[in-house]
1. For the range 26-138, please list each of the helices (runs of 4 or more DSSP H) lying entirely inside it that holds at least 3 residues being within 25 Å of Y180 (Cβ to Cβ).
2. Criterion first (under 28 Å from Y158 (Cα atoms) and not charged (D, E, K, R)) does L47 satisfy it?
3. Would you confirm, using the coordinates I've provided, whether V163 is part of a helix (DSSP H, G or I) and open to solvent by 70 Å² or more (accessible area, probe 1.4 Å)?
4. Which one of these is under 18 Å from Y232 (Cα atoms) and either in contact (Cβ under 8 Å) with a residue 40 or more places away in the chain or not hydroxyl-bearing (S, T, Y) (or both): F151, F121, F156?
5. Just to verify a result, which residue in the range 114-137, among those that are among the hydroxyl-bearing types (S, T, Y) and closer than 16 Å to W77 by Cα, is least open to solvent (accessible area, probe 1.4 Å)?
6. Looking at this structure, is A159 within 24 Å of A131 (Cβ to Cβ), among the small types (G, A, S) and at pLDDT 90 or above?
7. Quick check: anything in the range 49-59 within 18 Å of L236 (Cβ to Cβ) and either touching a helix residue (DSSP H, G or I) at 6+ places or on another chain (Cβ under 6 Å) or modelled with pLDDT under 70 (or both)?
8. Between residues in the range 131-143 that are within 13 Å of G66 (Cα to Cα) and residues that are hydroxyl-bearing (S, T, Y) and surrounded by 14 or more Cβ atoms within 10 Å (Cβ to Cβ), which pairs lie under 7 Å by C-beta distance while being six or more apart or on different chains?
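The values are calculated or read from the model by the stated rules, or taken from the named source; none is laboratory data. In this text, all values refer to a predicted model and were calculated from it rather than measured experimentally. So basically every Cβ, Gly included, is an ideal-geometry build from the backbone, and we count neighbours across all protein chains shown. Just the protein is used for accessible areas: all its heavy atoms, side chains included, with ligands, DNA and RNA removed. Shrake-Rupley method; radii C 1.70, N 1.55, O 1.52, S 1.80 Å.
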Amino acid sequence: MTTDDYERTERNRPRSNRFSAARIVGRVTGILHRVTRSPAVKWGALLFGTLSLALVFGVASKTMYGIEHGGNLLAYWHIALAWVAAAALGTTFVGSALYLRYHGPFWSRLAHSSGELGFLFATLTLLLGSAWGKVIWNSWWEWTDVRLVTFLIVWFIYAGYLVVSSATDPGSGDRYVAVYGVIGFVTVPISYASTRLWTPTFHETTMGNPQVSANIDPTTLVVTVVAATLLYVYLLGLRIQVHEVEDRIRRRSTQRR
């Protein structure tokens, strides 16, 4: 989406506001295009992903919460995927809000693509968390744990987002999907703050909690989070390109009718 595209959508606004908004949005769009399509992101994801595997299996301790088990190593990817899922769904919120404000197709593609990836990462978070929970709690799932329940609600909300997105017509239905993307995001911060808002049953508050008993190596966790983030950005760029190709095919098909 170029600056000219935004200028055309802002014709009814005051002249000074129109050009300043178009210029800013055009620059941001250009930066996002360059970042998501940069080869450095692809190779960075490969490098940090390999380093993450080496640290997890070569450095990280298998003992957590007083239990020694190889399944505890899943915690590093579980935590990393959870944070990246939150970032992806946050991007869906921002993209949806900017689409409602500027009506640029790039923001709709960004929101849709990030919503799909956010749902994927959230699903993997639940699966890996369940496997890790079997090791730590001797249970695949605990309905009494506030973090698990609220995160499952997030999963259902964004499953609904994908259903709404697939059920609406491209272009004309993007506004409804964007409204859903903005409203649905309220469940994300509630889930991530749930251990502070309510008394946790199993999940401990880890950030800023010196009493946490999990034995997690910070270097390994940071590297894994960076690897997951770069993977997300790389996949986001690919998915946006797929949306662009789909839009071109749709426009050509419409013109031939």
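1. Where helices (runs of 4 or more DSSP H) fall fully within the range 26-138 and carry at least 3 residues being within 25 Å of Y180 (Cβ to Cβ), they are 74-102, 105-136.
2. no
3. Yes, satisfied.
4. After applying the criteria, what remains is F121.
5. So, considering only residues that are among the hydroxyl-bearing types (S, T, Y) and closer than 16 Å to W77 by Cα, the one least open to solvent (accessible area, probe 1.4 Å) is T125.
6. In short, yes.
7. yes
8. Between residues of the range 131-143 that are within 13 Å of G66 (Cα to Cα) and residues that are hydroxyl-bearing (S, T, Y) and surrounded by 14 or more Cβ atoms within 10 Å (Cβ to Cβ), the close pairs are I136/Y65.
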